[in-house]
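*Asks:* Input: one structure, supplied below.
Just so it is clear, none of the values below were taken in a lab; they were calculated from the coordinates. These figures come from a predicted structure and were not determined experimentally. Reconstructed Cβ throughout: ideal geometry from the backbone, glycine too, with neighbour counts over all protein chains shown.
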Amino acid sequence: MKKLLLLPLLMITFFCFAQDAKVIIGKPVKIGNLLVAQNDFPDAMNWDDAKKACRALGKGWRLPTKKELNILYKSRKKIGAHTTLDALDSYWSSTVFKLNFAWGQWFSNGLQSEYFSKSTRYSVRAVRNF
């Protein structure tokens with residue numbers, strides 16, 4: 001009986017996530033050799049959750065490297081990224097600095113920092129190579 005109930009629940013979960021992935025990826029923007037998801041994830045998240053969420057979008061989707069994140073910053077108008085003076089304008093990169101820190105970038109002024117605590121919640125934009 002439990003197995004019969006589990007299958008519909010898994011199907012519903014998969015369908016809901018697939019819909020979310022379509023919304024986030026949308027119509028990807030091409031920048032150089034990168035495809036950039038059309039939208040940020042709706043909620044800011046910590047670094048580990050950001051990495052998992054990007055991978056869950058499908059084959060090849062990931063957090064941008066520090067260098068790629070700067071390319072996204074330079075193309076912020078084209079990709080429609082946050083550029084306000086609040087926590088939402090800070091984006092994660094995949095580049096690790098130390099055990100509890102990773103590189104991130106503020107899109108309001110372009111500054112990058114290695115002191116983004118992995119436990120803090122920042123915006124996330126997924127990329128993949130093509």
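*Asks:* Once you have the Cα-Cα distance between Arg62 and Lys78, take 0.36 nm times their residue separation minus that, and quote the gain in nm to one decimal.
*Replies:* Roughly 3.8 nm would be gained on extension.
*Asks:* How large is the dipole of the range 15-110 about the Cα centre if only Lys and Arg carry +1 and Asp and Glu carry -1, each at its Cβ, rounded to the nearest 20 debye?
*Replies:* Details: 15 positive and 8 negative charges, 109 e Å.
Around 520 debye, computed over the range 15-110.
*Asks:* Could you give the alpha-carbon Rg of the range 17-130 over 2.2 N^0.38 Å, rounded to two decimals?
*Replies:* In units of the globular-protein estimate, the range 17-130 measures up at 0.95.
*Asks:* How large is ³J(HN,Hα), in whole Hz, for each residue of the range 117-130 in order, when computed from phi with the Karplus curve 6.51 cos²θ - 1.76 cosθ + 1.60 and θ = phi - 60°, using x for Gly and Pro?
*Replies:* 4, 4, 8, 7, 9, 10, 6, 9, 10, 7, 9, 7, 7, 9
*Asks:* Lys30 versus Asn109, label points 7 Å from Cα toward the beta carbon: distance in nm?
*Replies:* 3.6
*Asks:* Note down the net charge around Glu114, summing +1 for each Lys or Arg and -1 for each Asp or Glu among other residues with Cβ under 11 Å from its Cβ.
*Replies:* Working: positive: Lys66, Lys98; negative: none.
Its environment carries a net charge of +2.
*Asks:* For the pairs Lys22/Lys59; Lys22/Lys66; Lys30/Lys51; Lys27/Lys98, flag any whose C-alpha to C-alpha distance is greater than 23 Å.
*Replies:* Over 23 Å apart, Cα to Cα: Lys22/Lys66; Lys27/Lys98.
*Asks:* Now a separate question. What residues qualify as long-range amide H neighbours of Ser94, i.e. H under 5 Å apart, gap of 5 or more or another chain, H built at 1.01 Å from N?
*Replies:* Thr65, Lys66
*Asks:* Give me the compactness ratio for the range 81-128, meaning the Cα radius of gyration over 2.2 N^0.38 Å. Present the calculation step by step, with values, prior to reporting the outcome.
*Replies:* Details: Rg = 10.2 Å, N = 48, 2.2 N^0.38 = 9.6 Å.
Its radius of gyration relative to the 2.2 N^0.38 Å reference: 1.06.
*Asks:* A further question on this structure: Which whole-Hz ³J(HN,Hα) couplings does the range 51-63 yield from phi under the Karplus relation 6.51 cos²θ - 1.76 cosθ + 1.60, θ = phi - 60°, glycine and proline marked x?
*Replies:* Along the range 51-63, the couplings run 4, 5, 5, 5, 4, 5, 5, x, 3, x, 6, 7, 6 Hz.
*Asks:* Hey, what do the phi angles of the range 64-81 turn into as Karplus ³J(HN,Hα) couplings, whole Hz, using 6.51/-1.76/1.60 and θ = phi - 60°, x for Gly and Pro?
*Replies:* Here the 3J(HN,Hα) series is x, 5, 4, 5, 5, 4, 5, 5, 4, 4, 5, 10, 4, 5, 5, 9, x, 7 Hz.
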